[in-house]
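Only one structure is covered here, and it is reproduced in the block below.
The values are calculated or read from the model by the stated rules, or taken from the named source; none is laboratory data. All figures in this text were calculated on a predicted structure; none of them were measured in a lab. Cβ coordinates were reconstructed from backbone atoms using ideal geometry, including for glycine residues, and neighbour counts include every protein chain displayed. Quick note on the areas: whole protein, heavy atoms, side chains included, nothing else; ligands and nucleic acids left out. Shrake-Rupley method; radii C 1.70, N 1.55, O 1.52, S 1.80 Å.
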Amino acid sequence: MTQARNLKLREAFSNAIVLRFSNPYDEGWTHGYVLDIGPQFFLLGLIDDNIKFKGFQCLLISDLRQMKVPDPHEDFIVAALRKRSERIDRKPDIDLSSLSALLKSANALFPLVTIHRERIKPDECVIGRVLDISENSFLLHTIDPDAVWEKKPTRFRLRDVTRVEFGGGYEEALYIVGGNPKPLKKSKKAKLP
């Protein structure tokens with residue numbers, strides 16, 4: 001099963017084919033273009049239910065379920081994207097060699113990253129700027145749903161991360177309203193939530 005999944009993922013990537021899949025955390029289907037594949041995560045150009053590009057996701061390969069390559073509605077999806085002049089101008093240069101590298105590169109290219117920890121917090125995500133990464137954890141300066149930066153950063157375990165998103169409309173809206181955070185005062189090490 002793992003080998004068949006990896007072959008389908010590689011086929012979608014190599015041939016720029018729209019794929020469809022489910023995962024254990026979301027209802028329904030996810031659609032998109034595979035833009036790169038790493039040892040644990042893959043980079044997806046996400047296509048939303050309105051058949052528009054919705055930023056980028058890096059998901060755990062092991063969380064892929066019921067993958068279809070091509071998506072059964074690929075012809076329609078591609079035609080709608082073309083007629084709307086929807087396209088990914090440039091694949092972001094995301095380093096998928098490790099989760100730490102992924103977070104560093106996404107943080108360098110985008111003003112905000114969204115972190116999902118669906119195994120432990122299935123209905124919650126956190127959004128912010130990565131301040132520091134250690135061997136087992138990372139420090140995130142979070143922004144709330146009202147685009148207000150939190151006063152203190154929060155430390156999260158790397159092993160809990162199931163998905164990283166960036167370049168989407170919601171992250172963009174938060175950044176437009178919230179702007180850059182004010183510099184944080186030096187404090188003691190942040191504790192894990």
**OP:** May I ask you to give the solvent-accessible area per residue for the range 20-143, in square angstrom, as obtained with a 1.4 angstrom probe?
**Re:** 50 Å²
Original post:
Under 5 Å between amide H atoms, partner at least 5 residues away or on a different chain: which partners does Trp29 have, H built in plane at 1.01 Å?
Top reply: none
Subject >> Helix 169-178 vs. the chain, principal-axis angle (Cα, 0 to 90°, nearest 10) >> reply: 20 degrees
Original post:
Leu35's amide H: which non-local residues (gap 5+, or another chain) put their own amide H closer than 5 Å, with H modeled 1.01 Å from N in plane and none for Pro or chain starts?
Top reply: Leu43, Leu44, Gly45
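Taking all protein chains as present, what is the carbon and sulfur share of the accessible area of the chain, in % to the nearest whole number, probe 1.4 Å? List each step's numbers first, then the result.
On the way: 5530 of 11240 Å².
Summing carbon and sulfur atoms, their accessible area is 49 percent of the total for the chain.
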Original post:
Using the alpha-carbon centroid of each, what span in Å lies between the range 1-53 and the range 90-122?
Top reply: 16 Å
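Mind pulling the per residue volume of the convex hull built on the Cα atoms of the range 122-169? Å³ is fine.
Working: hull volume 4.5 nm³, N = 48.
It is 94 Å³ per residue.
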Subject >> Directionally averaged projected area (convex hull, Cα atoms, the chain), nm² >> reply: 11.3 nm²
Original post:
With θ set to phi - 60° and the Karplus curve 6.51 cos²θ - 1.76 cosθ + 1.60, what are the ³J(HN,Hα) couplings of the range 59-76 in order, to the nearest whole Hz, using x for Gly and Pro?
Top reply: 10, 5, 4, 5, 8, 5, 9, 6, 6, 10, 10, x, 3, x, 10, 4, 4, 5
**OP:** Name the most mobile residue of Leu44, Leu103, Leu174, meaning the one with the largest mean-square fluctuation, in a Gaussian network model of the chain with Cα contacts below 10 Å.
**Re:** Leu174
Original post:
Given the options Gly167, Gly28, Gly128, which has the most mean-square fluctuation in a GNM of the chain, springs set between C-alpha atoms less than 10 angstrom apart?
Top reply: Gly28
Original post:
Once label points are set 7 Å from the Cα along Cα→Cβ at both Lys182 and Arg65, what is their separation, rounded to one decimal in nm?
Top reply: 4.5 nm
Subject >> Whole-Hz ³J(HN,Hα) from phi, Karplus 6.51 cos²θ - 1.76 cosθ + 1.60, for the range 147-156, glycine and proline x >> reply: 6, 10, 6, 5, 6, 10, x, 10, 9, 10
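When the Kirkwood hydrodynamic radius is evaluated over all pairs of different C-alpha atoms of the range 91-144, what value in angstrom, to one decimal, is obtained? Numbers along the way, then the final one.
Values: mean 1/r = 0.0850 Å⁻¹.
Kirkwood hydrodynamic radius for the range 91-144: 11.8 Å.
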